[in-house]
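The values are calculated or read from the model by the stated rules, or taken from the named source; none is laboratory data. What you are looking at is a predicted structure, and each value in this text was computed from that prediction instead of being measured. Using ideal geometry, Cβ is built from the backbone for each residue, glycine included, and neighbour counts are taken over all protein chains shown. To get the accessible areas, we keep the full protein, side chains included, count just its heavy atoms, and leave off ligands, DNA and RNA. Shrake-Rupley method; radii C 1.70, N 1.55, O 1.52, S 1.80 Å.
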Amino acid sequence: MPKKAKDLSALEVGRIRDVGLNFVGGVAGLGLQVSASGARSWILRVSVGGKRREIGLGGFPDVTLAGAKDAARVTKLKITEGIDPVNEARAKRSALQAERASSKTFSEAAAAYITVKEHEWKNRKHAQQWRNTLRDYAEPVIGNILVRNIEQSHVMQILEPIWLTKTETAKRVRGRVEKILDWSKVRGFRSGENPARWLGHLDMLLQAPSKIQIVEHHPALHFDEVGSFMQTLRQREGMGAKALEYAILTAARSGEVRGLKWAELNSTEESATLPADRMKGKREHKVALSKGALAILNSLPRTSDLVFPNRDGEMLSDMALTEVIRAMDEKKAQETGKGWRDLKGEVVTAHGFRSTFRDWCSERTNHPSEVAEMALAHSVRNKVEAAYRRGDLFEKRRNLMRDWDKYCSRVFVAPNVIPIGIAASK
């Protein structure tokens, strides 16, 4: 029978420095292993299935003598019950690793999805738009939640605050969350129905986007100020300023201008034909070019396939036009105390000039409403009218854009009115 080790006290255990396994008594086979570097850890030497095993029970002094004895007794009890503690620990580690491998937070899943998909997206800015909308609206709510735990209540928490006020943005966010959760299911990170799906699910809880009358607000300049704005804009250098001027004269969306290619221009017809894949409505759109718009195009060098490239020959960023307006606003505010603002005092936007154009059409011209709508590349809302309309009203739109060009070159000066009381006192 092997000699029984002396039952050491905690103080005596603390003094052990001999390299090797030092048995401490109390529980047969329990010892303090001291390495050559001086590190100390608990080891339980036992027989499992006829084979000697040395099972680690933790480091000293993090695991005290009393804690080591308790762990040793539990381990021995498992062995008497036919459980191999080493295999059990190995299985737990394996399960933990598998759990980690199959667990993704929404932020992690979103980053992985975008990395996979961004190479197939034609527009390089598309990936950044995904990141920005998810960062601003989805991730504050579900960014740190495992995708397998995301439920309908989380999706509604994202969408409800912006569904009525930022409907277009909310639609994009919902669609992007749905795609990421679908991808997560295929990858094995979640199961069950997608809580962000629309048909038969969220369409029962949220208003149909087509029925929502409130639209996103794009600060717009009053049309009486557009001539003064254009006069100031034409004094600025840079491709962003040229692109903004062209966008205003054609009443186009920023992306339509920034992505414009020389191949899309028809100099003979004085027009630009934008392909369906670059249009919001996914329909080809023909733009009537006024003399002012043509003058801008004729002043530009052909250094790229793009008409308005940046210095690297690539598309201008979606902030390029905005930065031009902000710089103009800041300068005007310093000089006059009033920048380029809308009636609410917000800095106007490039997109807002489409509203400026539309308001001018309605209040200062006799051009038919449908001509203005087609110039803006808006879809015909009346389905019956849309079914019978075949033409694009191009010549009428050419006349409209000619008049808009002329109007944008007119500067309206407010009359210098002297109050009666002041006039009488002089």
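What's the angle, to the nearest 10 degrees (0 to 90), between helix 106-117's Cα axis and the longest principal axis of the chain? Helix 106-117 sits roughly 60 degrees off the main axis of the chain. Once the chain from residue 222 to residue 237 is taken as fully extended at 0.36 nm per residue, the excess over their C-alpha distance is 3.0 nm.
How much net charge surrounds residue 290 when only the other residues with a Cβ under 10 Å from the Cβ of residue 290 are counted, with Lys and Arg +1 and Asp and Glu -1?
Numbers: positive: 291, 398, 402, 406; negative: 270, 403, 405.
Net of charged neighbours comes to +1.
Extension gain for residue 115-residue 73 works out to 10.0 nm (0.36 nm per residue, less the C-alpha to C-alpha distance). Comparing mean-square fluctuations of 370, 12, 395 from a GNM of the chain with C-alpha springs under 10 Å, the top value falls on 12. Sorting the segments 246-259, 50-63, 105-118, 345-358 by their mean number of nearby beta carbons within 10 angstrom, highest to lowest, gives 246-259, 345-358, 105-118, 50-63.
With a 1.4 Å probe and every protein chain kept in, tell me what percent of the accessible surface of the chain is carbon plus sulfur.
Details: 12810 of 25170 Å².
Carbon and sulfur together cover 51 percent of it.
For the range 1-75, the extents of the C-alpha atoms along the principal axes are 33, 23, 22 Å, listed from largest to smallest.
For residue 6 and residue 89, the FRET efficiency from 1/(1 + (r/R0)^6), where r spans their Cβ atoms and R0 equals 41 Å, is about 0.90.
For residue 261 and residue 286, what does the FRET efficiency come to when R0 = 22 Å and r is the distance between their Cβ atoms, rounded to the nearest 0.05? Please list the in-between numbers first.
Details: r = 15 Å, r/R0 = 0.67.
It comes out at approximately 0.90.
The residue 373 and residue 186 beta-carbon pair, evaluated with R₀ = 41 Å, returns a calculated FRET efficiency of approximately 0.45. As an equivalent ellipsoid, the chain spans semi-axes of 73, 26, 22 angstrom, where each value is the square root of five times an eigenvalue of the C-alpha gyration tensor, largest first.
Computed over the chain, the per-residue total of -39500 (n - 2.57) for DSSP H runs of n ≥ 4 gives a 222 nm mean residue ellipticity of -13500 deg cm²/dmol, rounded to 500.
Over the alpha-carbon set of the range 259-407, divide Rg by the Kirkwood Rh and report the Rg/Rh ratio to two decimals. Ratio value, two decimals: 0.99.
Which value, to two decimals, describes the C-alpha radius of gyration of the range 229-289 once divided by 2.2 N^0.38 Å? Rg over 2.2 N^0.38 Å, computed on Cα atoms: 1.17.
How much length would be gained if the chain were fully extended between residue 157 and residue 128, taking 0.36 nm per residue of separation minus their Cα-Cα distance, in nm to one decimal? Can you show the working numbers first?
Details: separation 29, 0.36 × 29 = 10.44 nm, distance 2.32 nm.
Fully extending the segment from residue 157 to residue 128 adds 8.1 nm.
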